[in-house]
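First comes the structure, then the notes that go with it.
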């Protein structure tokens with residue numbers, strides 16, 4: 001029990017360093033994998049796309065820190081200190097003294113947050129003005145590890161607002177938030193990666209997690225394929241709510257990535273990407 005507590009305390013105390021180390025490691029692993037075993041040929045040079053996509057990541061980080069200085073982790077710490085949220089009420093605090101109960105709540109909370117992000121993703125596709133914001137993510141003419149981090153600053157802020165709301169309502173712990181964010185960022189990079197995985201391995205993996213082949217279908221320019229496979233982490237929700245699609249109609253190598261709008265390569269530039277939600281084109 002003491003060893004488990006020590007691990008929890010270590011993760012909480014050194015959260016920034018742990019997250020940065022894992023993030024850099026997954027970028028290095030997946031970028032190397034993309035070079036050694038790519039699934040598709042890119043239509044826009046990697047150097048051009050990466051320079052603008054990574055610039056967007058830096059911009060999003062600055063905007064997020066400006067609007068939400070402590071982000072979700074700070075919100076969870078404050079909620080715990082002020083006894084805000086369901087799990088911060090006395091009965092659950094007392095039950096959490098049992099390490100087995102605490103681990104169970106941690107696992108269920110991470111799964112719950114994964115469902116919240118799945119539902120958020122679905123809503124961003126179904127509500128027209130939210131789709132215009134989210135379309136910037138889909139307007140990438142290729143899909144690789146940087147696509148998993150390419151979101152409009154407005155969407156980043158809205159998503160953080162949703163996470164913080166869930167933290168305040170349910171009293172999600174600091175450790176829950178840290179672990180969930182690590183998993184979300186890691187798997188978003190993984191399942192957007194331009195990597196080839198053997199079909200027999202992919203079939204096994206996608207029973208539990210969202211694989212690159214599974215998520216790539218979601219980036220098809222065909223509407224019925226775009227409106228499927230919304231998951232980022234667990235594949236469970238797409239199976240459960242019948243939004244799962246096995247393969248793209250045209251095959252992974254020949255399918256067209258992106259949307260019908262914004263097909264010109266100039267929309268891969270950061271200044272153009274930022275303007276996408278404000279450009280009126282057919283939905």
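What follows is calculated from the coordinates using simple rules that are stated; it is not laboratory data. Fair warning: this is a prediction, and the values are worked out from it, not measured in the lab. No Cβ is skipped: glycine too gets one built from the backbone with ideal geometry, and neighbour counts run over all protein chains shown.
What does the C-alpha gyration tensor say about the overall shape of segment 42-152? Classify as rounded when a/c is under 1.5, otherwise prolate if a/b is larger than b/c, or oblate. In terms of gyration-tensor shape, prolate.
The coefficient of translational diffusion for the chain, derived via Stokes-Einstein from the alpha carbon Kirkwood radius under 10 °C and 1.306 mPa s, stands at 80 µm²/s. Fully extending the segment from residue 62 to residue 162, taken as 0.36 nm per residue of separation minus the present Cα-Cα distance, adds 34.1 nm. Residues considered: 94, 41, 120. Largest GNM mean-square fluctuation over the chain, using C-alpha springs under 10 Å, is found at 94. Within segment 112-164, the proportion of Cα pairs with more than 14 Å between them is 56 percent. Each Cα pair under 8 Å and six or more residues apart adds its sequence gap; the mean of these over the residue count of segment 102-172 is a relative contact order of 25 percent. Rounding to the nearest 10 and keeping the result within 0 to 90°, find how far the Cα-based axis of helix 153-170 lies from the longest principal axis of the chain. Computed tilt is about 30 degrees.
Placing a pseudo-label 7 Å from each Cα along the Cα-to-Cβ vector at residue 205 and residue 48 gives an inter-label distance of 2.9 nm. As a proxy for reagent exposure, ranking 65, 216 by other Cβ atoms within 10 Å from fewest up yields 65, 216.
Overall, the ratio between the Cα radius of gyration of segment 152-283 and 2.2 N^0.38 Å, rounded to two decimals, is 1.19. For segment 69-120, what class follows from the C-alpha gyration tensor (a ≥ b ≥ c being the square roots of its eigenvalues): rounded when a/c is under 1.5, otherwise prolate if a/b is larger than b/c, else oblate? Note, shape of segment 69-120 comes out oblate. Taking other Cβ atoms within 10 Å as a rough exposure proxy, 230, 239 sort from fewest to most as 239, 230. Under a Gaussian network description of the chain, with springs only between Cα atoms under 10 Å, the residue in 147, 186, 12 that fluctuates furthest is 12.
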